[in-house]
Amino acid sequence: MGWSKIPKPGTEIPSPATGKMIEIGPCLNESCGHHDCVELRKMAQSKCPECDKPIEYDEKYYNVTEDYPDAEGFETRLGIKMVLAHAVCMWKKVEEDIATKD
Ligand SMILES: [Zn+2]
Ligand SMILES: [Zn+2]
């Protein structure tokens, strides 16, 4: 399972196919209403079940939906609950779990 990052609002990269700049982050205009932008904002605002802080943009995160069935998470536009956690929080947790094992 690899980590991902939510691109910051207004992030643009050149398309590998055409070289034309394409938007990969949500629009800077918070009320744009695009489905993709709404979803990315929801992801960035959803709380990490380990530290209870928002995931935020440009931070490494994991999809931990299966590991945290009771966490708040957020609902995707398909009505599926998803839980994201900071990668650093998960790495810390793994280290602590190892440390407390006898
Ligand atoms: Zn948009
Ligand atoms: Zn966290």
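The values are calculated or read from the model by the stated rules, or taken from the named source; none is laboratory data. Quick caveat, the model's predicted, so the values are computed rather than measured. For neighbour counting, all protein chains shown are included, and Cβ atoms are generated from backbone atoms with ideal geometry for every residue, glycine included.
Observations
- Test for ILE55: is it among the hydrophobic types (A, V, I, L, M, F, W, C), at pLDDT below 95 and under 18 Å from GLY2 (Cβ atoms): no
- Consider segment 1-32 and keep the residues that are within 20 Å of the chain's Cα centre (by Cα) and among the basic types (Lys, Arg). The one that is nearest to ligand 2 (Cβ to nearest atom) is LYS5.
- In segment 1-60, residue nearest to ligand 1 (Cβ to nearest atom) [restricted to those that are basic (Lys, Arg) and under 20 Å from HIS86 (Cα atoms)]: ARG41
- Residue match in segment 57-72 (condition: under 22 Å from GLY25 (Cβ atoms), part of a strand (DSSP E or B) and in contact with a helix residue (DSSP H, G or I) (Cβ under 8 Å, 6 or more places away or on another chain)): yes
- Scanning segment 65-102 for residues being within 10 Å of ligand 2 (Cβ to nearest atom) and under 12 Å from the mean Cα position of the chain (by Cα) gives a total of 4.
- Subset of segment 1-51 (residues that are touching a Ser or Thr at 6+ places or on another chain (Cβ under 9 Å) and without any contact (Cβ under 8 Å) to a residue 12 or more places away in the chain): MET21, ILE22
- Qualifying residue in segment 70-89 (condition: touching a residue at least 12 places away in the same chain (Cβ under 8 Å) and within 16 Å of ligand 1 (Cβ to nearest atom)): yes
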